[in-house]
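First comes the structure, then the notes that go with it.
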Amino acid sequence: MSTREWRYGFYFGDRWQHRNLTLDLGLRYEYFPLVTRAEGRGVEVLDVNSMEVLLGGVAGIPRNVGLKTSKTDFAPRLGVAWRINPRTVARTGYGLTYNPLPFARPLRGFYPLTIANTYVSLNSWQPYGTLQSGIPEFTGPAPGQGRVPLPSATTMRTPDADNVRRGYIQSWNVALERRLPFDMSVNAAYVGTKTTRGFADLELNVSPAGGGEQGRAFFRQFGRTASTLLWSGITKAQYHSLQMQLTRPFKKGLLLRGGYTFGKTMNMADQDGWVGVLYNSPDVFDRNYAPAGFDRRHSFTLAYAYQLPFGGPERDTTFLNALAKGWQINGTFAAYTGTPFTVTASNVSLDQRGNQQTADLVGELRRISNGVDEPFYDTSAFANVTEQRYGNTGRNQFYGPGYWNYNMSLFRTFPLQGRQRLQFKVEGFSIANNPQFSNPNPSVTSGSFMRITGTRASARNVRVGLRFEF
């Protein structure tokens, strides 16, 4: 399963400045040759018409097995800064970046590089065999074979010969920064990104509503019930946000930095590369585009560092003065709204394969509690689907509880001889010891539906440390 992968990148940049205007211009060129195996051959591709795995560079099979990478990936960059007056600066920027995902990660480990067999016993209480009889024999492809039949019960991932060109991410921002009295500064910005052709798995062996296992796409011809994944650039994502930041540099013993973000993230999958989508059939594929699983509409953070004003002047060499001066207290406070989740339902009546079934929203969505003893939302607003159709709710439609947290530390550094120093530190995490609840149970058929059974973080934790530097 070892791979070899090269990357090439060239960048040209220039800065042009005239009075109160500064321009940063850049152009990057990137080339990602197709990944190969360590023994010099190519990767593997599944021929879905014959259910044979083609091994690149073996027995007359082309080394690239029909996969082609782009040689025209040019990525422009632009930045503009305009000093409106001595206290105000406006900035904007745009950049395009090609997806640097190593193909070696998603294109490893599948048949025939890994041959996994499952042996089923008569029932749950009897073993399949004994250790004395040994592991049952299994066979793999013969050496030098370029086309290998894929067993019907073996999971397979294959790259899409028509869509392995790398996707790209566009990022842009517009910001205004203003210096305020008391050495403060405020920065307000709009920040956005857009992802095109993110890599993910598309399940090809799906069945429509009412199809069951025998209605899978490859069952009638090949008897396949196993997952057959097409790895391709199929996902998209967008992020838009208003970001505010207030900063006071460290002066007169005090540093402050606070930030607030109002944003929204939409995507089709929360990861890139080794990830699948919830809806694979063409008729419901668009249901994948919804709020990201990590989407938070509101985020607020505040950090500070304060040199405590205790102790007298340096000429005061008393023990009490030496003990009282030089202490510093730091802290961080954060408050976030909750992340979304999907309310799932039973697939029995729909009887399909390869897609997510969701519940029906049949009443008013009403929040009951914050996670203690009662359901988070009123469960009577949801119902299981008992017809041969998809539920009327969607992916990540509902949001769980938010939380806040405060961490603090107190420390002092004692100078010793030469460059030696001794630092004493006390750190406290989750000082208020308030619970940070996880999202509720999303299954409408569960006995604990909409109840919260876990937390995101541990309880209050305090630690004391002593550090010697030399």
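The values are calculated or read from the model by the stated rules, or taken from the named source; none is laboratory data. This structure is a prediction, so every number in the text was calculated from the model and none was measured. Because the Cβ atoms are built from the backbone with ideal geometry, glycine has one as well, and the counts that use them run over all protein chains shown.
For this structure, a couple of remarks:
- Among the residues of region 242-275, the ones that are surrounded by fewer than 18 Cβ atoms within 10 Å (Cβ to Cβ) and farther than 30 Å from E177 by Cβ come to 5 in all.
- Residue count, region 344-367 (criterion: free of Cβ contacts under 8 Å to residues at least 24 places away in the same chain, more than 25 Å from R224 (Cβ to Cβ) and out of contact with any Ser or Thr (no Cβ under 7 Å at 6 or more places or on another chain)): 4
- Checklist (1) in contact with a helix residue (DSSP H, G or I) (Cβ under 8 Å, 6 or more places away or on another chain); (2) surrounded by fewer than 20 Cβ atoms within 10 Å (Cβ to Cβ) applied to L278, failing item: (2)
- Checking R287, R220 one by one, the residue that is surrounded by fewer than 17 Cβ atoms within 10 Å (Cβ to Cβ) and either aliphatic (A, V, I, L, M) or over 22 Å from A189 (Cβ atoms) (or both) is R220 and no other.
- Pair list, Cβ < 8 Å and 6+ apart or interchain, from region 247-271 residues that are under 15 Å from Y190 (Cβ atoms) and touching a residue at least 12 places away in the same chain (Cβ under 8 Å) to residues that are aromatic (F, W, Y) and not in a strand (DSSP E or B): T265/F294
- The numbered conditions (1) closer than 22 Å to V284 by Cα; (2) surrounded by fewer than 17 Cβ atoms within 10 Å (Cβ to Cβ) are all true for D183 except (1).
- Set R220, R224, R178: member being part of a helix (DSSP H, G or I) and charged (D, E, K, R): R220
- Each residue in region 131-161 was checked for being more than 27 Å from Q214 (Cα to Cα) and touching a strand residue (DSSP E or B) at 6+ places or on another chain (Cβ under 8 Å), and 4 pass.
- Pairs are defined by a Cβ separation below 6 Å, a sequence spacing of at least 6 or placement on different chains, a first member in region 452-467 that is closer than 26 Å to R419 by Cβ, and a second member that is surrounded by 12 or more Cβ atoms within 10 Å (Cβ to Cβ); the pairs so defined are V464/V426; G465/K425; L466/F424; R467/Q423.
- Of all residues in region 276-295, those that are outside any loop (DSSP other than H, G, I, E, B) have Cβ atoms under 8 Å from Cβ atoms of residues that are β-branched (V, I, T), 6 or more apart or on another chain, in F285/V277; N288/T235; N288/V277; P291/T265.
- Cross-chain or 6+ apart pairs with Cβ under 7 Å, region 310-332 first and within 25 Å of G428 (Cβ to Cβ), then assigned to a helix (DSSP H, G or I) and at pLDDT below 80: F310/A324; G311/N321; G311/A324
- Test set (1) buried (at least 19 other Cβ atoms within 10 Å of the Cβ); (2) assigned to a helix (DSSP H, G or I) - V385 fails condition number: (2)
- The strands (runs of 3 or more DSSP E) found entirely in region 16-100 that carry 1 or more residues being modelled with pLDDT of 95 or more and within 26 Å of the chain's Cα centre (by Cα) are 21-31, 73-85, 88-98.
- Among the candidates Y98, Y111, residue that is buried (at least 17 other Cβ atoms within 10 Å of the Cβ) and in contact with a Ser or Thr (Cβ under 7 Å, 6 or more places away or on another chain): Y111
- Any hit, region 10-29, residues being among the polar types (S, T, N, Q) and closer than 25 Å to A104 by Cα: no
- Among the residues making up region 15-38, those that are touching a residue at least 24 places away in the same chain (Cβ under 8 Å) and either under 30 Å from T88 (Cα atoms) or surrounded by fewer than 16 Cβ atoms within 10 Å (Cβ to Cβ) (or both) are N20, L21, T22, L23, D24, L25, G26, L27, Y29, Y31, P33, A38.
- Subset tally (residues that are buried (at least 19 other Cβ atoms within 10 Å of the Cβ) and either part of a strand (DSSP E or B) or at pLDDT 95 or above (or both)) for region 353-373: 7
- Single condition A200 does not satisfy, out of (1) more than 25 Å from R166 (Cβ to Cβ); (2) crowded, with 18+ Cβ neighbours inside 10 Å: (1)
- A104 vs. criteria surrounded by 12 or more Cβ atoms within 10 Å (Cβ to Cβ) and in contact with an Asp or Glu (Cβ under 8 Å, 6 or more places away or on another chain): yes
- Condition check for T193: over 29 Å from N267 (Cβ atoms), within 29 Å of the chain's Cα centre (by Cα) and among the hydroxyl-bearing types (S, T, Y): no
- Verdict on S380 being surrounded by 16 or more Cβ atoms within 10 Å (Cβ to Cβ) and not in a loop (DSSP other than H, G, I, E, B): no
- Candidates R37, R19, R87, R63, filtered to the one that is within 15 Å of A161 (Cα to Cα) and of a type outside the set (G, A, S): R63
- Only one of the listed residues (N405, N461, N439) is closer than 25 Å to L278 by Cα and modelled with pLDDT of 90 or more. That residue is N439.
- Residues in region 39-84 that are of a type in the set (K, R) and without any contact (Cβ under 8 Å) to a residue 24 or more places away in the chain: R41 alone.
- Residue count, region 388-427 (criterion: among the small types (G, A, S) and loosely packed, with under 15 Cβ neighbours inside 10 Å): 1
- A269 outside any strand (DSSP E or B) and under 18 Å from the mean Cα position of the chain (by Cα): yes
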